[in-house]
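Quick notes on the structure that follows.
The values are calculated or read from the model by the stated rules, or taken from the named source; none is laboratory data. Just so we're clear, the structure is a prediction, and the values are computed from it rather than from any experiment. Cβ: placed from backbone, ideal geometry, glycine included. Neighbour counts: every protein chain shown. In case anyone asks, the SASA skips ligands and DNA or RNA and just uses the protein heavy atoms, side chains included. Shrake-Rupley method; radii C 1.70, N 1.55, O 1.52, S 1.80 Å.
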Amino acid sequence: MNFYEMLCIPVILFPYSVLGMLYCLFSGTLMESVFQNNGFLCILALLAWALIGFACAFLVGIRGARTLDCLRFARFAMILKLAQIPAYCIIFVLAALFSLTIFTIGFTIALAFFDGIAILMTGIPGVFSIRKSYQSGVLLRSDCLIHSLLQFVFCADVVSSIYLYRKIKRTSTG
């Protein structure tokens with residue numbers, strides 16, 4: 001496992017940790033033994049994990065921009081986003097179920113908030129990758145601006161990163 005893969009573990013695992021915290025909240029034994037039945041400690045732990053994820057995302061972006069070529073960095077940013085798709089699908093289904101009743105609507109809002117945090121986390125290395133490709137002359141300025149914004153839009157970020165990887169691959173081999 002290389003340096004970049006190690007740094008991305010908190011970023012990739014963040015949406016999965018949201019699911020873990022949900023499981024913790026709804027399981028009596030685990031919530032009691034880990035968080036002493038305190039939901040605020042549970043949320044605080046998740047926010048601390050988010051801060052670690054943001055720090056790792058910035059480190060990956062900075063180090064990747066210095067050491068990786070455009071194609072490898074674009075591939076890395078794409079894989080980072082693709083690895084979170086199963087968690088997003090499960091979170092979406094749970095949020096839809098939670099929104100069916102007024103008593104659990106707070107869970108839907110919390111899931112949307114934590115999804116936003118996860119998208120911001122994966123968007124950071126994506127923007128660094130786009131910037132590196134622009135500086136290398138692979139992308140136009142308009143592509144750089146549009147795709148940098150798309151890195152922070154739910155679902156469009158995945159499509160954008162796949163498109164950019166394919167475009168950079170086509171440009172570098174052709």
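A few comments on the model shown:
- Exposure of K132 as accessible area (Å², to 10), given a probe of 1.4 Å and all protein chains: 40 Å²
- Cα long-axis angle, helix 3-26 against the chain (0 to 90 degrees, to the nearest 10): 20 degrees
- Recomputing semi-axes √(5λ) of the Cα gyration tensor in Å from the coordinates shown identifies the correct label among (1) 34, 18, 16; (2) 25, 19, 17; (3) 34, 17, 12 as (3).
- Whole-number accessible area per residue in Å² for region 80-174, which is evaluated in the context of all protein chains at 1.4 Å: 55 Å²
- Taking the longest Cα principal axis of the chain as reference, the axis of helix 70-82 is set at about 20 degrees.
- Extension gain, A55 to I162, is 36.1 nm, computed as 0.36 nm per intervening residue step minus the present C-alpha separation.
- Apportionment of accessible area to carbon and sulfur, region 1-56, percent (1.4 Å): 75 percent
- Taking other residues whose beta carbon is less than 10 angstrom from the beta carbon of L139, and scoring Lys, Arg as +1 and Asp, Glu as -1, yields +3.
- Local charge for I162 was computed over the other residues whose Cβ lies under 12 Å away, with Lys and Arg +1 and Asp and Glu -1, and equals +4.
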